[in-house]
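The values are calculated or read from the model by the stated rules, or taken from the named source; none is laboratory data. Quick caveat: nothing in here was measured; it's all calculated off a predicted structure. So basically every Cβ, Gly included, is an ideal-geometry build from the backbone, and we count neighbours across all protein chains shown. Each accessible area value is taken on the protein alone, full model and side chains, heavy atoms only, with ligands, DNA and RNA left out. Shrake-Rupley method; radii C 1.70, N 1.55, O 1.52, S 1.80 Å.
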Amino acid sequence: MQSRMIQGQITRLYYASEDFCAGILETDKGQNIKFSIKFPVSLDERCKLKGSFKRHAKYGWQFEAIGYEMDFPVDREGLIRFLSESDSFKGIGRKRAEDIVNICDSGNHDSLGDDFEELLIKEPERLLNIKGITPKIVETLRKEWMETRDVNTAITVLAGYDLTMNQISK
């Protein structure tokens, strides 16, 4: 069966452990989809699940996920809080975070996070125009943002080999 991606918010968990979860994901279009996955997820979490629909002998049709990504729809306030409240970004308070968001909000993408990532990859020197932003801060921003993205990708790839989150984290 062909692999596909569904995204939304986990609205119910029937079962949750470190190695397996089953529940309901409500898509952005309001559709409730039963799912199962071999690593932990949390109630009310937004995520993208990769897998396929299968018929379970006892529970009927459900989405069997083999991949997982956190889904952070990055809006203006969310990005400002992420930058200003993270322990990883020393020297960035609320004002500097607002200045960064003002520079990266091009309106060209559906997500402000896409604009921020594009700025960090293609034009990180633009951030140096903000008072108090040093090359070290720019490099830390870039590194931390990219590592978070890469961790989600790695989890998805490893889960495709039928590894649980517990196994992946070891």
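Points worth noting:
- Flag for ILE6 being open to solvent by less than 90 Å² (accessible area, probe 1.4 Å) and either part of a helix (DSSP H, G or I) or touching a residue at least 24 places away in the same chain (Cβ under 8 Å) (or both): yes
- Selection within the range 53-78: residues that are modelled with pLDDT under 80 and touching a Gly at 6+ places or on another chain (Cβ under 7 Å). The member of this set that is most open to solvent (accessible area, probe 1.4 Å) is PHE72.
- Pair list, Cβ < 8 Å and 6+ apart or interchain, from the range 17-37 residues that are open to solvent by 90 Å² or more (accessible area, probe 1.4 Å) to residues that are charged (D, E, K, R): ASN32/GLU26
- Applying a threshold of 7 Å to beta carbon distances and a minimum spacing of six or more residues, or different chains, the list of pairs starting in the range 121-140 at a residue that is closer than 19 Å to SER88 by Cβ and ending at one that is of a type in the set (Lys, Arg) reads PRO124/ARG142; ILE130/ARG96; GLY132/ARG96; ILE133/ARG96.
- Qualifying residue in the range 92-105 (condition: open to solvent by less than 70 Å² (accessible area, probe 1.4 Å), touching a residue at least 12 places away in the same chain (Cβ under 8 Å) and within 15 Å of the chain's Cα centre (by Cα)): no
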